[in-house]
1. In whole percent, what relative contact order does the range 265-361 give with Cα contacts below 8 Å and a gap of six or more residues?
2. Output the Cα-based Rg and Dmax of the range 347-445 in Å, rounding Rg to one decimal and Dmax to a whole number.
3. Provide the per-residue ³J(HN,Hα) series for the range 228-236, in order, calculated from phi with Karplus coefficients 6.51, -1.76, 1.60 and θ = phi - 60°, each as a whole number of Hz, with x at glycine and proline positions.
4. Could you list the GluC sites (Glu not before Pro) in the range 168-268 that lie in coil according to DSSP, counting only those with at most 16 other Cβ atoms within 10 Å of their Cβ?
5. Using +1 at the C-beta of Lys and Arg and -1 at the C-beta of Asp and Glu, which of Tyr293, Leu283, Gln270 has the Cα lying farthest in the positive direction of the dipole of the range 259-298?
6. Hey, which of these cross-link pairs are over 32 Å Cα-Cα: Lys130/Lys412; Lys227/Lys456; Lys132/Lys232; Lys230/Lys322?
7. Counting only residues 5 or more places away or on other chains, whose amide H sits under 5 Å from the amide H of Val424 once H atoms are built in the peptide plane?
8. Under the classification rounded if a/c is under 1.5, otherwise prolate if a/b is larger than b/c and oblate if not, where does the range 163-233 fall, given a ≥ b ≥ c as square roots of the Cα gyration tensor eigenvalues?
Amino acid sequence: MKLLSAAAALLLLAPSASGFVAPSSSASGVTAQSKSLAMAPPASSAEEDLELTRQIILDFMSSDAATAASPAEDAAASTSAGSSKQYVTPALPQNDLMIRAALGRQDVERTPVWLFRQAGRHLPEYREYKEKTGRNFLDMLARPEDVAECTLQPLRRYPLDAAILFSDILVIAEALNVEVTMPGGVGIQVPNPIKDPADLAKRIPDASTMTPEYVSENLGHVIESVKLIKTKMAEEGMAQPLIGFSAAPWTLLFYMVGGSSKKNNDIGVQWLSDHPDDSRRLLNVLTKIIIEYMSAQVEAGANMLQLFEAMGMMIDEANFEKFAMPCLKEIATELKARFPDVPLMVFSRGASFANEALSNLGYDVVTIDGSVDRATARATVGGRTGLQGNYDPRELIDDGSKTVDTVRATAKQLLEDLGPQRLVANLGEGLGGKESPELVRAFVDAIHEESESLIKSS
């Protein structure tokens, strides 16, 4: 029987330039074993050569096993530019369809689908849970167990391809000492908005303090909610990715200085005009905390990220380019440096004029609202990003004219207009609460079935 020499064994174990590259710790183990072998005396017999070979293999297997047992199992680490901190990407969920579609690195077998505001008022179980707890929306957001329950409700009812954190865009405003209330019947309010630059200087911390520690201290309940959601998803056998999210800087500034989305709509732009330097200071603070907040969500288990510029309709194109776009660029650049394999989606609602520029900033997916002409949507992003949207949620309201068949027909039209690949099927506007769960289910099923058919026939 021909024996494998120790030197040959080492060559088999070493990483190949043209093939498999071992993880760094295993490669280090091979390097250490190489040095040991180089210093060892040559084998004096076949038996000694065999024993040396066996020891090398055992050492290598031990080193590899140690790597596999590490806390970062199946997770990728990266380092942000200008920072020595390592950021860990969660392991891929079993159902990674939406992640693959969003990253656009390969074709998918069907189009994934989720819905803006998929958790909440349109679900009977949400209304029942809210009534049972006696808590309003903002109260529930402070309790991770409520957040987890509301996040998972739509996944129990519909075969959606992702969960999204049940939260609100104004939690960051609260974290920055700006009170947020929900008096009932009038939506979320900021009763004491920032009045002027002096008030800004007094109330809002400096950008340099927007650290992971600040997020942990002031938004820790949200991060704990993310962790609990992941735990509950595993317990219930839910294999979809979890989407974390945040409002974008301009949207937050709009509320923090204006107080409401239903009145004082001109105050945000007036601030930009009257106080450009202070506006930039506030936007810088918001940009920094958003980056750390979204990073914390990923490190707690979020597999994808969605950035909402929800008040895009409240700013003109010139001011958007001047004030909002630099923030959106910084957020994309930093988050993709930290988490290159975590899909980053952006929605500039009511400001579709920004979509082409957004597609050049590093986002993986640009969301289109209902105003966007689907015939030009792909050309606008030029293959640089995927698309998300833009089904009309009014098609899901049972007003006597909408049926399962009309929903299927309009869902199929969406797929034919935009194409089934590199698409995340979604709405052009969030669910408002009047939608029929039966029709919502019909939409989700139609997207899956019609996209599979289109892909197979292409």
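1. Values: 82 pairs, mean separation 35.6, N = 97.
This gives 37 percent for the range 265-361.
2. Looking at the range 347-445, its Cα Rg and Dmax stand at 13.9, 44 Å.
3. Once rounded to whole Hz, the list reads 5, 4, 4, 5, 5, 4, 5, 5, 9.
4. Those satisfying the criteria are Glu179, Glu236.
5. Looking along the dipole axis, the top candidate is Tyr293.
6. Flagged as over cut-off: Lys130/Lys412; Lys227/Lys456; Lys230/Lys322.
7. Close amide H contacts, sequence-distant or interchain: Leu387, Gln388, Gly389.
8. Because a/c hits 1.5 or more and a/b fails to exceed b/c, the range 163-233 counts as oblate.
Read-outs throughout are calculated quantities, based only on the coordinates presented, and are distinct from any laboratory measurement. Here the structure is a predicted model, which is why all the values come from computation and not from measurement. Here Cβ is always computed from backbone atoms with ideal geometry, including for glycine, and neighbour counts include all displayed protein chains.
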